[in-house]
């Protein structure tokens, strides 16, 4: 994967052509089955991401969930992602997909499938593939 900004944006039609939606709670309920305890109420303060270096900050509740791996819920690990201005961050998840909500800032994400631009308030998803996220502007971005 190149670190240069892609010149071929991914169309909305391409991004959604294979989309399938399922109602999760009818498919699995690990709490009622006893496989995992209930997810505790926890506040993750903006202090975790409001300043500092470009980084991924896991919102890890694995101790509360009796999980041997980092987890925020029975089947998810949520993270804050901070990217400083004029920097990039590469992600390569061990997951089937990633969902992002842009708290502030703007930038671009490039994958082997093409690139997408994002802005504060946007929500976007990616398949579980490596991606390079860039913030070329003067302000840092947080997801």
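Here, each number is a calculation from the coordinates, and none is a lab measurement. All figures in this text were calculated on a predicted structure; none of them were measured in a lab. As a convention, Cβ positions derive from the backbone with ideal geometry for all residues, glycine included, and neighbour counts pool all protein chains shown.
Would you mind computing, in nm to one decimal, how far apart the modelled labels at residue 33 and residue 86 are, each placed 7 Å from Cα along Cα→Cβ?
A separation of 5.1 nm, rounded to one decimal place.
Would you kindly give the portion of the calculated P(r) for the chain that falls above 18 Å, as a percent of all Cα pairs?
Looking at the chain, the distances longer than 18 Å represent 62 percent of pairs.
Between residue 47 and residue 78, what FRET efficiency comes out of the Förster formula 1/(1 + (r/R0)^6) with R0 = 22 Å and r the beta carbon distance, rounded to 0.05?
Efficiency, from the Cβ-Cβ distance: 0.85.
Binned at 10 Å from 0, what are the whole-percent values of the Cα-Cα distance distribution for the stretch 80-122, short to long?
Each 10 Å bin holds this share of Cα pairs: 22, 61, 17.
Given C-alpha coordinates of the stretch 71-143, what is the ratio Rg to Rh with the Kirkwood estimate of Rh?
Here Rg/Rh amounts to 0.95.
Quickly work out the residue 64-to-residue 97 label distance, labels modelled 7 Å from Cα along the C-beta direction, and quote it in nm with one decimal.
It works out to 2.5 nm between the two label points.
Just need the Rg to Rh number for the stretch 28-100, please, alpha carbons only, Kirkwood Rh.
Answer for the stretch 28-100: 1.02.
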